[in-house]
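I'd like to ask you about the structure that follows.
Any read-out appearing in this document is the output of simple, stated calculations on the displayed coordinates, not a laboratory observation. Small disclaimer: the values here were computed from a predicted structure and weren't measured. Virtual Cβ from ideal backbone geometry, glycine too; neighbours counted across all protein chains shown.
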Amino acid sequence: MRRRHLPHDIHPRRDTGQYNARLGLWLTLASLVMFLAALYSAYAMLRYNTDNWAAFRVTLSPGWGLVGLVFQCAIAMLMPWGWRQACDGRFWMAWSGLGICLLLGLLALGNFSRQMYGLAQDGLAPARHNFYALFHLFTGVQMLFIGIGMFFCVVYLLSPGNKQYRLRNRMECLGIYLHFVAAAGGLHFTLFYVL
């Protein structure tokens with residue numbers, strides 16, 4: 001019996017120029033953008049209605065390391081994503097990019113965990129002030145986004161029999177998603193460490 005696959009799983013549709021995974025990714029990113037817009041609007045309203053917001057700060061050094069790691073994770077994905085046309089048949093480039101991304105993502109998650117533990121040790125729990133509640137919420141969401149990206153890195157590294165055309169599509173979607181994670185991390189850094 002011949003195995004069937006979904007139409008437009010590999011090659012894009014002629015009318016839209018998108019294949020299924022890319023279209024699904026853009027729909028997912030649109031819903032995540034709406035979710036983050038709701039969180040940021042809640043943050044703006046709470047900050048606007050609080051007189052002593054400037055008294056609450058988070059130390060700057062873990063934030064710099066966090067944002068650097070998230071951006072490096074996205075940049076590491078540029079290597080196989082940008083070279084996917086040039087590295088025909090050389091899967092080691094794609095797998096090494098996934099491995100680097102996985103390592104940097106695990107470092108970013110470790111940095112997040114260290115920062116949350118340090119705040120809890122200093123008595124800066126979410127119940128203390130709305131700033132810390134929002135900081136813990138945004139940091140948890142960022143950790144979730146990075147964790148999802150790392151999960152797909154592991155899935156792509158361990159999936160047997162990766163066909164070249166499927167690996168290209170997967171790498172492209174993962175690269176777009178990790179760029180979104182990097183942008184969300186930059187916004188997280190700006191709101192809680194700079195302003």
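Just order 120-127, 179-186 by mean Cβ neighbour count inside 10 Å, highest at the front, would you? Write out the running numbers ahead of the final one.
On the way: 120-127: 11.4, 179-186: 19.0.
So the order, starting with the most tightly packed, is 179-186, 120-127.
What list do you get for ARG14, ARG47 if you sort them by fewest beta carbons within 10 Å?
Arranged by neighbour count, lowest to highest, ARG14, ARG47 become ARG14, ARG47.
Taking the radius of gyration and the Kirkwood hydrodynamic radius from Cα positions alone, what is the Rg/Rh ratio for the stretch 98-195, to two decimal places?
Taking Rh as the inverse mean 1/r over Cα pairs, Rg/Rh reads 1.08.
Calculate how large, on average over all directions, the projected area of the Cα convex hull of the stretch 109-162 is; give the answer in nm² to one decimal.
For the stretch 109-162, averaging the hull's shadow over all directions gives 4.0 nm².
If R0 is 30 Å, what FRET efficiency do you get for LEU144 and ARG13 from their C-beta distance, rounded to 0.05?
Computed FRET efficiency for LEU144 and ARG13: 0.45.
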